[in-house]
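**Student:** I have a structure here, written as structure tokens, and I will follow up with some questions on it.
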Amino acid sequence: MEIPFSKWHAAIPHRRSRRNYDSTDLEPDLLSHMQNICRDFRPFPQARAKLTTQSPDEIFKGIIGHYGKIKGAPALIAFIGKMDDPYIQEKVGYLGEGIILEATAKDLATCWVGGFFRPKVAASVVGTGENERVLAVTPVGYAIEDFSLEERIMTGFGRTHRRKRLAELVTGLDQAEWPQWMKSALEAATLAPSAINRQPWRFYVEPDSITVSVYGSRLEFGISKRLDCGIAMLHIEVAALDYGVQGKWEFLETPSVARFKI
Ligand SMILES: Cc1cc2nc3c(=O)[nH]c(=O)nc-3n(C[C@H](O)[C@H](O)[C@H](O)COP(=O)(O)O)c2cc1C
């Protein structure tokens, strides 16, 4: 499937993590549209997504505290990776964010959940094959209209949505020399969601490339930072494509993640 870049680029600023749902079922057409996207958006054969309406609450159950508490979602999408691929975390991040942006474009609410769910229950509900693991899930549905007090507490009254400035994240070519596509791609990357909003990505820019690397240790809360970086990669590519710029990703060794070269 080709990336519907204009639609996904437009969805980026509208996406917010939502955790309280009103449990209204998805209309059948919309449900099958999302199931088809999960089937068709397969940028890497080792990563896949599966939607289920079976037991989302069971998968999110048993969470202590506020963070990660998802309530009332009528459906869930599991992001699944083959663990013998050394780049599986970034591939799952990239794939999953495409699906999340499609859901956003369809006015559905989502929330990446990487640590605070029951992976074994998720695996048995969606079905996993040899070497496969459910690396993350998202609820899908209609969020209760306004942020409830509980949800506002959960997001630190908006703090978990705040982003670092580009100047803190980018090295290399001077900002005055960035071509338009690059500026747009980097701005889109900063809007990417990340676990506990840690924004672990750093960008090294040259006239024809953006190299994404990961800052700090690999794992926190049991969630790989390379998964977050894969999400930012999708945002970079979608924004570049929307500027008519095509590039290719080359995967790199830690602490680098991948280079987008036009
Ligand atoms: C890989 C990943 C894992 C996440 N895991 C959780 C989680 O377990 N529970 C949760 O409530 N939010 C989780 N989040 C959502 C982040 O907290 C959220 O994306 C971040 O605070 C930025 O806020 P925003 O998505 O509203 O822009 C996760 C996000 C990512 C990208």
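**Student:** With both bridge residues required to lie in segment 163-261, what share of the DSSP beta bridges run antiparallel, to the nearest 5%?
**Tutor:** Values: 17 of 20 bridges.
Taking every DSSP beta bridge within segment 163-261, about 85 percent pair in antiparallel fashion.
**Student:** Classify segment 14-58: rounded, prolate or oblate, from the alpha-carbon gyration tensor (a ≥ b ≥ c, eigenvalue square roots; a/c under 1.5 rounded; otherwise prolate if a/b is larger than b/c)?
**Tutor:** Numbers: a/c = 1.73, a/b = 1.53, b/c = 1.13.
Prolate, since a/c reaches 1.5 and a/b exceeds b/c.
**Student:** At most 10 other Cβ atoms within 10 Å and a DSSP loop assignment: could you name the GluC sites (Glu not before Pro) in segment 109-155 that fit?
**Tutor:** Values: sites: GLU130, GLU132, GLU145, GLU150, GLU151; in loops: GLU130, GLU145.
Taking segment 109-155 and a limit of 10 other Cβ atoms within 10 Å, the loop GluC sites (Glu not before Pro) found are GLU130, GLU145.
**Student:** Given the Cα atoms of segment 52-173, and with Rh set as the inverse mean 1/r over their pairs in the Kirkwood sense, what is Rg to Rh to two decimals? Write out the running numbers ahead of the final one.
**Tutor:** Working: Rg = 15.9 Å, Rh = 15.9 Å.
Using Cα coordinates only, the ratio equals 1.00.
**Student:** Report the percentage of all Cα-Cα pairs in segment 12-88 whose separation exceeds 21 Å, rounded to a whole percent. Show your work: numbers first, answer last.
**Tutor:** Working: 1237 of 2926 pairs.
Above the 21 Å cut-off, segment 12-88 has 42 percent of its Cα pairs.
**Student:** Taking only Cα atoms, what is the 0 to 90° angle, nearest 10, from helix 28-40's long axis to the longest principal axis of the chain?
**Tutor:** Approximately 50 degrees, to the nearest 10.
**Student:** Please compute the Kirkwood hydrodynamic radius over segment 163-261, one decimal place, Å, based on all pairs of different Cα atoms. Mind showing how you got there, number by number?
**Tutor:** Details: mean 1/r = 0.0752 Å⁻¹.
Final number for the Kirkwood radius of segment 163-261 is 13.3 Å.
**Student:** I need the per residue convex hull volume for the chain, using only the alpha carbons, in cubic angstrom as a whole number.
**Tutor:** Values: hull volume 30.9 nm³, N = 262.
With only Cα atoms used, the chain gives 118 Å³ per residue.
**Student:** Okay, moving on. Per residue and in Å³, how big is the convex hull formed by the alpha-carbon atoms of segment 107-234? Spell out each step's value before the answer.
**Tutor:** Values: hull volume 19.9 nm³, N = 128.
Expressed per residue, the convex hull around the Cα atoms of segment 107-234 is 156 Å³.
**Student:** So which lysines pass the test for LYS120, namely a Cα distance under 29 Å, with those fewer than 8 places away in the same chain ruled out?
**Tutor:** Within the straight-line cut-off, LYS120 pairs with LYS50, LYS61, LYS69, LYS71, LYS82, LYS91, LYS225.
**Student:** Of the candidates ASN20, ASN131, ASN36, which one comes out as most mobile in a Gaussian network treatment of the chain with C-alpha springs shorter than 10 Å?
**Tutor:** ASN131
**Student:** If you place +1 on the Cβ of every Lys and Arg and -1 on the Cβ of every Asp and Glu, how big does the dipole about the Cα centre of the chain come out, in debye to the nearest 20?
**Tutor:** On the way: 33 positive and 32 negative charges, 142 e Å.
The calculation lands at about 680 debye.
**Student:** For segment 1-84, run through the trypsin sites (Lys or Arg not before Pro) and keep only the ones in DSSP coil with at most 13 other Cβ atoms within 10 Å of their Cβ. Before the final figure, lay out each step's value.
**Tutor:** On the way: sites: LYS7, ARG15, ARG16, ARG18, ARG19, ARG39, ARG48, LYS50, LYS61, LYS69, LYS71, LYS82; in loops: ARG15, ARG16, ARG18, ARG19, LYS61, LYS69.
Answer in residue order: LYS61.
**Student:** Moving on. Among the lysines, select those whose C-alpha is under 20 Å from the C-alpha of LYS7, and discard any that sit fewer than 8 residues away in the same chain.
**Tutor:** Partners within reach: LYS106, LYS183.
The numbers here are math on the coordinates, done by the rules we state, and not lab data. Predicted model, so just to flag it, every value in this text is computed and none were measured. Positions of Cβ are backbone-derived with ideal geometry, glycine not excepted, and every protein chain shown enters the neighbour counts.
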